[in-house]
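One structure below.
The values are calculated or read from the model by the stated rules, or taken from the named source; none is laboratory data. Nothing here was measured: the structure is a model prediction, and the numbers come from that model. Cβ coordinates were reconstructed from backbone atoms using ideal geometry, including for glycine residues, and neighbour counts include every protein chain displayed. Each accessible area value is taken on the protein alone, full model and side chains, heavy atoms only, with ligands, DNA and RNA left out. Shrake-Rupley method; radii C 1.70, N 1.55, O 1.52, S 1.80 Å.
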Amino acid sequence: TSSPMREFRGQSTGSGKAAQIHQRFRSVSTQFLESSWQRSSEVVFWTLIVFAGDYIGAVYIQRLTTTEDLEFPFPFLTAFVSNLVAGFLVILFLFALDRLDLRASLGELALVSEVDLKMQIILGILVTCEIGAAVKVLSNVHHTMASWFYMLTPVATILVASSNFFRMEVLQKELLTAAGVASFGGILAVKGPLPSLEGLRALQWAMIAVVITVARCLLTQRVMAPADGTRPGALNVAKAVLLAGSTVGAELSIVYEWTGFWSLPWLLNKGSVCHMLFIIGLCDAISVIGHTRLIQITSATFGALLVPFHTVTVLPIEAQSLGAPITAINWLGLVLCATSAVMYFKARKSGVPEGYSLMPC
């Protein structure tokens, strides 16, 4: 009898240790998910996702709108179709989550909550116009001055956000310095032909792009991180924004690109154009979701801080089109951009706006 008793006690002791280990693991996992380090890893993840989406999207946008054989130099039409494709992809993804009962596993990312429809429509308009302005800039060979001006977006964003009218940001010296370093680094990282008078038209579109980007970042922060109430899920907001953006893109393409809109059925290279539009739409979806989530867990300032980092996505394209290598000055600019991100999180440790998590530096 003593042998079975010892065996039973051994099994119960082993089960107790396994239960303790399991409980400890769950406790550590919960602490990590609720900690600022989890937010930090999520920031890195979504930043990489945004970079990948923007780089691939920029490559295909430039090919689609500048390749003569494709006959598709239509920025608003590109924005319309890509936003429509992106919206349907997000809908399919949410449908799959519901069918597999996995929505809860994504936590706040897939949270369902009421968001003002007017705000979502305005965000859709801004996203569409931002894509159209980017196409106008990239399709102009002489866009160096335009790229330089667009790099000033971080400084413009923090100045506007901290103004008495918006009061969405505290004008800290450290944050303003980080934005300035990011803008200067972006200017150094830009690789393009020497500035010329032919680039003035692209410069006009760059000015419009700065205004649109600043407005989109601030409005996204207002929607995704309200002062009171539940924070909405980035997936559901991105879905509504993309569908609203496709509607606006359709109207703009009908008004300004009438011939392109009605020539779609008679394109000579339908397969290539449709393939590129699908890839651009996929990149558009992950980029909008990534930007939305990043601004929700950081701030509009960090969303604008990513603009100079976009030179990482444009540099290989420029180097290939110009047939010139990436210089040490370009790499120095990218290093300054990375330094500005570190400066941003250090500044956040000393003062975090209400509604945002404290990020480790």
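Some observations on this one:
- Filtered residues of region 169-186 (kept if of a type in the set (A, V, I, L, M, F, W, C) and modelled with pLDDT under 85): VAL170, LEU171
- Filtered residues of region 205-264 (kept if among the hydroxyl-bearing types (Ser, Thr, Tyr) and surrounded by fewer than 22 Cβ atoms within 10 Å (Cβ to Cβ)): THR230, THR247, TYR256, THR259, SER263
- Of all residues in region 44-74 being assigned to a helix (DSSP H, G or I) and without any contact (Cβ under 8 Å) to a residue 60 or more places away in the chain, the one that is least open to solvent (accessible area, probe 1.4 Å): VAL44
- Looking at LEU268, LEU277, just one residue is in contact (Cβ under 8 Å) with a residue 60 or more places away in the chain, over 14 Å from the mean Cα position of the chain (by Cα) and not in a helix (DSSP H, G or I), and that residue is LEU268.
- Single residue of region 39-67 satisfying the filter (among the hydroxyl-bearing types (Ser, Thr, Tyr) and more than 18 Å from MET276 (Cα to Cα)) that is modelled with the highest pLDDT: THR47
- Checked against the criterion of being closer than 24 Å to LEU243 by Cβ and either out of contact with any Gly (no Cβ under 7 Å at 6 or more places or on another chain) or surrounded by fewer than 19 Cβ atoms within 10 Å (Cβ to Cβ) (or both), the candidates LEU126, LEU175, LEU171, LEU152 yield just one match: LEU126.
- Failed condition for LYS118, given (1) touching a Phe, Trp or Tyr at 6+ places or on another chain (Cβ under 6 Å); (2) among the charged types (D, E, K, R); (3) modelled with pLDDT of 85 or more: (1)
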